[in-house]
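Each remark here refers to the structure printed beneath this line.
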Amino acid sequence: MTGLFSLAGKVALVTGASRGLGWEMAKGLAEAGAHVILNGRDRVRLEARVKELGAGGFAASARAFDVTDEPAVRAAIPEIVGRQGRLDIVIGNAGIQHRGPLGEWQLADWQRVIDTNLSACFLLAREVSAPLIAQGEGRIIFTTSIAANLARATIPAYVAAKSGLWGLTKALAAELGPQGINVNAIGPGYFETEMNQALLANAEFTAWVKGRTPLRRWGRPREIAGAAVFLASEAGSYVNGHQLMVDGGFSSVF
């Protein structure tokens, strides 16, 4: 059964991979046998993560670029394919958050969240589609959120972006599926990550999350890795256009 989840010989690119859920997914893919290319904007942090994986006997390299920079994305993908000889798995995970009352939002705040959480995934998918189609197979995985289906006050751009990303997932599954490319999404609930530090520091909110979640706790970052390996591996070969919620049951109850 282990062979179903093996990624030996595969090459994976994970954006937003230097910390949080991106790092855990990248680490999980590496542990399953893939050569993982870590992406982010901070080259120093990426190189430190590459060394960490290398020390564990896993294959990894770093490719720093801004996922919202179209020329940078267009240059990075063929360079990665040329250097590695192939690209099999792409996880569009980079994301940011902005919170505030609606009246305090500036258009620039809205655009920054949309650009990073949604438009960057479109750019990434567009650029990787050519080499994946040429291979006749591949996996594209986006990190959505419980916010793709549920909403909270003060984060309108994040909710709009994640809802749009779920729509993009289905649209690309329909278009790229006939080319042998599976396109899916992972929808995390509330995880103990750096992005959520302000929420974790709020005792009332933390208690609300625990009470609202059937498992009665926040997710541990490591718990996202299995979903990524599943969707990237042979075990998920007939899963397409799906959003796999990893939320402790949060989105299943009210």
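At-a-glance table
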quantity: Candidates GLU104, GLU137, GLU127 - the one that is among the acidic types (Asp, Glu), out of contact with any Pro (no Cβ under 7 Å at 6 or more places or on another chain), touching a residue at least 24 places away in the same chain (Cβ under 8 Å) and surrounded by fewer than 17 Cβ atoms within 10 Å (Cβ to Cβ); calculated: GLU137
quantity: Residue satisfying all of: in region 158-214; of a type in the set (Ser, Thr, Tyr), more than 29 Å from ALA130 (Cβ to Cβ) and free of Cβ contacts under 8 Å to residues at least 40 places away in the same chain; surrounded by the most Cβ atoms within 10 Å (Cβ to Cβ) among these; calculated: THR213
quantity: Residue among GLY236, GLY226, GLY249 that is surrounded by fewer than 17 Cβ atoms within 10 Å (Cβ to Cβ) and either of a type in the set (S, T, N, Q) or within 21 Å of GLY33 (Cα to Cα) (or both); calculated: GLY226
quantity: Qualifying residue in region 131-145 (condition: assigned to a loop (DSSP other than H, G, I, E, B), within 19 Å of ALA173 (Cβ to Cβ) and hydroxyl-bearing (Ser, Thr, Tyr)); calculated: yes
quantity: Candidates ALA32, ALA48, ALA64, ALA59, filtered to the one that is hydrophobic (A, V, I, L, M, F, W, C), at negative phi and out of contact with any helix residue (DSSP H, G or I) (no Cβ under 7 Å at 6 or more places or on another chain); calculated: ALA48
quantity: Residues of region 66-122 satisfying the condition of being aliphatic (A, V, I, L, M), more than 29 Å from ALA34 (Cα to Cα) and within 18 Å of the chain's Cα centre (by Cα); calculated: VAL113, ILE114
quantity: Some residue of region 94-117 being among the β-branched types (Val, Ile, Thr) and farther than 21 Å from LEU165 by Cα; calculated: no
quantity: Lone qualifier among ILE186, ILE181, ILE224 - being farther than 23 Å from GLN97 by Cα and at pLDDT 95 or above; calculated: ILE181
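Residue-wise test of (1) over 13 Å from the mean Cα position of the chain (by Cα); (2) of a type outside the set (A, V, I, L, M); (3) farther than 19 Å from LEU124 by Cβ; (4) surrounded by fewer than 16 Cβ atoms within 10 Å (Cβ to Cβ).
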{"residue": "GLY16", "(1), (2), (3), (4)": "no, yes, no, no"}
{"residue": "ARG19", "(1), (2), (3), (4)": "no, yes, no, no"}
{"residue": "ALA26", "(1), (2), (3), (4)": "no, no, no, no"}
{"residue": "ALA30", "(1), (2), (3), (4)": "yes, no, yes, no"}
{"residue": "ASN39", "(1), (2), (3), (4)": "no, yes, no, no"}
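The values are calculated or read from the model by the stated rules, or taken from the named source; none is laboratory data. What you see is a predicted model, and the numbers here were worked out from it, not measured in a lab. All Cβ positions, even for glycine, are placed from backbone atoms using ideal geometry, and neighbour counts span all protein chains on display.
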